[in-house]
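Just below is one structure, and these are the notes that go with it.
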Amino acid sequence: MATHPESLGKYRIEAVLGHGAMGVVYRAHDPVLDRTVALKTIRTDLLGEDEHWRERFRREARAAARCVHANIVTVFDYGEDDGTPYIVMEYVEGRELRQHLGEGRRFELAAAAVVLRQVLKALEVAHVLGIVHRDIKPANIILLADGSVKVTDFGIARINGGALTQAGAMVGTPNYMAPEQFRGGALDARADLYACGVILFELLAGRRPFPGPTPTELMHQICNDPPPLLRSIDPQLPQSFDLLLRRALGREPETRFQSAAEFLQALEVALVSPDDQATTVLPQTVFVAPPAVPVSEADLQEAEASLVSYIGPMAKLVTRRTAQSAGNREEWLDALASKVPDGEARRQFLRRLRRGTTVTGSVSSQGVSYHSTTGVAASGHVILDAATLETAQRALAVELGPIARVLVKRAAAAALSVDAFWHQLAGHIDDPLARARFLAQRSL
C-alpha cells in the first residue's frame, strides 16, 4: 500500500483525491489562510535524476497560474518539499463530467451548450496567453452544483515557443485526441477545439464519435473516417449541430474552427437556428448576404442594437439573416420580434422599430420612468438618463446576453452615482479583459 505524506510545506494533507499519470492529488488545509486547497504532486519515480520532468512540472505551474478565469481551476502556489514538487490549487467540490457520462447520461441540447460554452470560454483565455491544454477530456471538466464548469489539469500544457514537450511525443487521451496528435506533429490550440467537438458529440449522442475497440483501430478511425451524423443516432437532434460538428471534427486543423471564440459563435448560431440548413457555421468568417427586403444599414443597426438586449451577441447575425428571407419589411420585423420572449417587451420592440426611434427613459428606485436627463432622486439614488441606460444595457448584453436587461434595471435602481452604476454592472463579468472592454463603453 502506498504511503502518503502528512504534510507538504505548510499544507496539512487530509485525503487523497485521485491518482493521475503524473502524480497524486490531495485535499489539504492551508493553516495560514484557513482554507481547503488541492495539492498536486509529481510521481517521485518520474523525477529520479531527470531534470526534464521537474522542469515540466514547473512549466505546468507557470502555465496554469497565468490562466485566471471563472471557468479555470485557480493555481495559488508552487513549492517543493524534500525533493517533491507540488502545485497548490483551488479546491473544487463537484463531479467530473466523466462521471455523468459514465452513468449513461445524455445531455439535453441546452444543457450540453451550457457545459461547452464554459469550456470554450476557459480555453479562449488560455489560448490568448499562448497556452494549449493538450488533454481536454471529460475527466478534466468539473461540473459544480450551481451549474458552473471548471477546466482543470493543465498538466501537459505547452506554452507556445517552449520546447519542454518535444514534437514527436504523443501526449493526450486517445479518444479525445486530434489526428495530428497521433502523428506526433506540432500542436496548437486547434487540437483543444477538436477535443471540444468530441465532447459535444458525446454529450448529445451518449457515445463518442469514434468508438474504436483497440488503440490501433481508434487511431485509424480518427485519422481516416468522417464522424457519424448526430441525426443518424437521434433523428430528433437538430441538423445545425451536424454542421457544427462537421467543422469541429475536421481531420485537418485548417478545416476546423480557428479559435475558441469562433467555435463559440458557431454554437450560438446553431442554437438560434436549430434546423437551418445554411452553411453559416461552416466558413471561418460568417458571410451574410445583402438583405432581400429594402432595409437600410441604419435600420439593420438599430434592430441589432434593440435585439442584443434579448438574445445577446447573436443579434447581428439574426438581424441580417431574417432580412434575407423576409418578403417585406413587416415580415422582417415580425421575425425579429419572435426572438423576444416577453409579450410586452415584444410590443415595445416593434413600436420602437416601426417608429424608427429609440425608447428613452430612466430608472428610479420604483421602477421604469422615462426621462431625458440624469439627476438625483429624493432617496439619494441617482436617476440615470436614457442614453446611459441604453449604452450600458447594450454593452452588457454583448458579454452576458439577455440577462443584461434585468441587471441594468437593478443596478440603476440602487446606484448612488454613475460610477457606482457602471462598476456594479462590471462586477457581473468574470473575465478581466471583457470587464475592461465593458467599462470602456462608458466613454463612447
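Mind checking whether some residue in the stretch 384-391 is part of a loop (DSSP other than H, G, I, E, B) and at pLDDT 75 or above? Step through it out loud before you land on a result.
Looking only at the stretch 384-391, we keep the residues that are part of a loop (DSSP other than H, G, I, E, B), and these are 384-385.
Cutting the leftovers down to at pLDDT 75 or above gives us 384-385.
Yes, some residue in the stretch 384-391 is part of a loop (DSSP other than H, G, I, E, B) and at pLDDT 75 or above.
Listed by first and then second residue, the pairs with beta-carbon distance under 6 Å, at least 6 apart or on different chains, first residue in the stretch 31-43 and within 17 Å of VAL16 (Cα to Cα), second small (Gly, Ala, Ser) and surrounded by 11 or more Cβ atoms within 10 Å (Cβ to Cβ), are VAL37/ALA28; LEU39/ALA28; THR41/GLY23; ILE42/GLY23; ARG43/GLY23. Every residue in the stretch 223-240 that is part of a helix (DSSP H, G or I) and not polar (S, T, N, Q), please. Once the filter is applied, which keeps residues that are part of a helix (DSSP H, G or I) and not polar (S, T, N, Q), the stretch 223-240 yields CYS223, LEU230, ARG231, ILE233.
May I ask you to verify whether ARG106 is over 18 Å from GLN265 (Cβ atoms), of a type in the set (Lys, Arg) and either under 11 Å from the mean Cα position of the chain (by Cα) or not assigned by TED's automatic domain parsing to the domain that holds TYR11 (or both)? Yes. Beta carbons closer than 8 Å, at least 6 apart along the sequence or on distinct chains, pair a first residue in the stretch 413-439 that is assigned by TED's automatic domain parsing to the domain that holds GLU390 with a second that is modelled with pLDDT of 80 or more and of a type in the set (D, E, K, R) for ASP431/LYS121.
Considering (1) modelled with pLDDT of 80 or more; (2) over 20 Å from LEU300 (Cβ atoms); (3) among the aromatic types (Phe, Trp, Tyr), the lone condition that TYR370 does not fulfil carries the number (1).
Which one of these does VAL88 not meet: (1) crowded, with 20+ Cβ neighbours inside 10 Å; (2) under 30 Å from PHE201 (Cβ atoms)? Going through (1) crowded, with 20+ Cβ neighbours inside 10 Å; (2) under 30 Å from PHE201 (Cβ atoms) one by one, VAL88 breaks only (2). In the set LEU143, LEU116, only one residue is over 16 Å from ASP192 (Cβ atoms) and either acidic (Asp, Glu) or in the same structural domain as ASP188 (by TED's automatic domain parsing) (or both); that residue is LEU143. For the stretch 392-412, the set of residues classified as touching a His at 6+ places or on another chain (Cβ under 8 Å) and either free of Cβ contacts under 8 Å to residues at least 24 places away in the same chain or not in a helix (DSSP H, G or I) (or both) consists of LEU407 only. Of all the residues in the stretch 241-251, those that are closer than 20 Å to LEU116 by Cα and assigned to a loop (DSSP other than H, G, I, E, B) number 2.
Would you call ALA157 modelled with pLDDT of 95 or more, touching a helix residue (DSSP H, G or I) at 6+ places or on another chain (Cβ under 7 Å), closer than 21 Å to VAL73 by Cα and assigned by TED's automatic domain parsing to the domain that holds VAL119? So ALA157 does not fit the description; no.
With respect to being more than 18 Å from LYS137 (Cβ to Cβ), in contact (Cβ under 8 Å) with a residue 24 or more places away in the chain and surrounded by 15 or more Cβ atoms within 10 Å (Cβ to Cβ), HIS100 falls outside the description. Evaluated against (1) crowded, with 21+ Cβ neighbours inside 10 Å; (2) touching a residue at least 40 places away in the same chain (Cβ under 8 Å); (3) not small (Gly, Ala, Ser), VAL75 falls short on exactly one condition, (2).
Of all residues in the stretch 198-246 being charged (D, E, K, R) and over 24 Å from the mean Cα position of the chain (by Cα), which is surrounded by the most Cβ atoms within 10 Å (Cβ to Cβ)? Lay out the reasoning, then the answer.
Going through the stretch 198-246, the residues charged (D, E, K, R) turn out to be 202, 207-208, 217, 225, 231, 234, 242, 246.
So of that shortlist, the ones also over 24 Å from the mean Cα position of the chain (by Cα) come out as 217, 225, 231, 234.
Working: GLU217: 12, ASP225: 12, ARG231: 14, ASP234: 12.
Going through the qualifying residues, I end up with ARG231.
The values are calculated or read from the model by the stated rules, or taken from the named source; none is laboratory data. The structure presented is a predicted model; accordingly, all values stated were derived computationally and were not measured. Neighbour counts are summed over all protein chains in view; Cβ atoms, including those assigned to glycine, are modelled from backbone coordinates with ideal geometry.
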